[in-house]
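Below is one structure; the comments refer to it alone.
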Amino acid sequence: MDAKDWDERYATADLVWSAEPNRFVEEIVAPLTAGTAIDIAAGEGRNAIWLAQQGWTVTATDYSSVAVERMRARADALLGAEAGRLTPLVADATVPAPGGPAAYDLALFCYLQLPASELRVALRHGVEAVRPGGRVLVVGHAGRNLAEGWGGPSSRDVLYDPDEVVDAVDGLPVVVEHAGIRVRPVETEEGPREALDTVVVLRRD
């Protein structure tokens, strides 16, 4: 899907994604000391807004201008006087992050589902955006989810298992702190289901 397709999708729904932060983002980031973060492909800002509520100063990008405007409106409504903690911007995930190299303590990729070559570029830019000691957190629909889980994209080309993320950052200045498949319960009209997500935590050298 290109930016126009995503604009149309966001424009035809009150809220495309959950209003709550991703469970794995919350679990992994909550113990960290708040600092500066960039949320890449942030959609309507569910994770970015939560980060700001935890005291982080957040830049959140998406290449859908409709999503970014919705994120800005939600931030104003939910953060109130603290809305300045979040800066929503229109930007593509495959270009260098705004702010320049080593500008952030955390780079977040949450369900950025791209073909391997594009994902590799996005992750490289994410690593470059984080200062030494900072972290890059990747959460995505796993390749295994296609056969063993529920929901998510139906094309294997945009899914990735943990080893594929680790391969994509090979040669970059990072240490892999965690790489695994996590089960995410999902409530559906047919009853409870389980989705399989890839969760990878990288620490910048």
3J(HN,Hα) from dihedral phi, the stretch 157-168, Karplus parametrisation 6.51/-1.76/1.60, rounded to Hz, x for glycine, proline: 4, 10, 9, 8, 8, x, 5, 6, 5, 4, 4, 5
The chain, helix-only ellipticity at 222 nm - DSSP H runs n ≥ 4, -39,500 (n - 2.57), divided by all residues, nearest 500: -9000 deg cm²/dmol
Percent of beta bridges antiparallel (DSSP, the chain, rounded to nearest 5): 50 percent
Placed amide H near GLY134: partners under 5 Å, 5+ positions off or other chain: ARG204
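Values quoted throughout were computed directly from the atomic coordinates according to the rules given, and no laboratory measurement underlies them. Quantities reported herein were computed from a predicted structural model and do not represent experimental measurements.
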